[in-house]
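To keep things clear, I will list the structure first and then write my remarks on it.
What follows draws every value from the coordinates through simple rules; no lab data is involved. Predicted, not measured: the structure shown is a model, and the values here were computed from it. Cβ coordinates were reconstructed from backbone atoms using ideal geometry, including for glycine residues, and neighbour counts include every protein chain displayed.
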Amino acid sequence: MSEEGFVQIALDDAKEPEVAPEGAYDLVIDQATWYTGKTSGKKSIRCIILFDGHPEYQPIFHYVSIPNENDDSEMVGKKLLMVKRFLTLFGVPFDGSGFNVDDLPGQRALCNVQQENDGVNPASNKIAVPRMVD
């Protein structure tokens with residue numbers, strides 16, 4: 001590769017990852033980082049989730065919304081439930097006082113994956129987080 005002028009690289013080999021067909025897949029959390037919404041300023045945990053054994057499928061970006069001081073009690077309850085469902089699905093350890101974000105990467109789950117297409121952004125996948133079984 002030249003460091004001047006023309007850059008000779010195999011751009012024909014660059015392909016966009018595919019959107020996975022809907023169905024059940026083994027997924028693994030690759031990364032989990034704190035994220036602050038650009039307009040809302042609200043904190044969440046951004047998880048990058050990979051399809052185990054399917055590198056051709058694009059990663060899923062899943063945001064775990066954390067309750068904040070501006071949420072009313074109903075919204076806090078909904079967010080807590082969604083966090084608990086996600087942690088339970090992926091087998092992330094937690095107790096009544098919370099969980100450690102560092103425990104998310106590497107956690108695996110068999111998940112139902114759906115396609116999402118809002119007509120504005122490119123099609124993508126999302127996970128269907130099931131209700132917890134008592």
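What to note about this one:
- Two-site label geometry, residue 126 and residue 114: point separation in nm, points 7 Å out along Cα→Cβ: 0.7
- The chymotrypsin sites (Phe, Trp or Tyr not before Pro) of the range 1-75 that meet both conditions, a loop assignment by DSSP and at most 14 other Cβ atoms within 10 Å of the site Cβ, are 6.
- Comparing mean-square fluctuations of 12, 118, 26 from a GNM of the chain with C-alpha springs under 10 Å, the top value falls on 12.
- A viscosity of 0.890 mPa s and a temperature of 25 °C, combined with the Kirkwood radius over C-alpha pairs in the Stokes-Einstein formula, give the range 16-128 a diffusion coefficient of 163 µm²/s.
- A Förster radius of 35 Å, combined with the Cβ-Cβ distance separating residue 71 from residue 14, puts the computed FRET efficiency at roughly 0.25.
- Top positive-direction residue, dipole computed over the chain with Cβ charges, set 107, 32, 130: 130
- Computed from point charges on the beta carbon alone (+1 for Lys and Arg, -1 for Asp and Glu), the dipole magnitude for the chain about its Cα centre is near 660 Debye.
- Extended-chain gain in nm, criterion 0.36 nm per residue less alpha-carbon gap, residue 4 and residue 52: 13.3 nm
- Rough spin-label spacing in nm, given labels placed 7 Å along Cα→Cβ, for residue 22 and residue 95: 4.1
- Residue with peak Gaussian network fluctuation, the chain [Cα springs, cutoff 10 Å], from 69, 116, 16: 69
- Fraction of antiparallel bridges per DSSP, the chain only, in percent to nearest 5: 95
- Residue of 56, 74, 22 that the Gaussian network model of the chain assigns the largest fluctuation, springs spanning Cα pairs under 10 Å: 74
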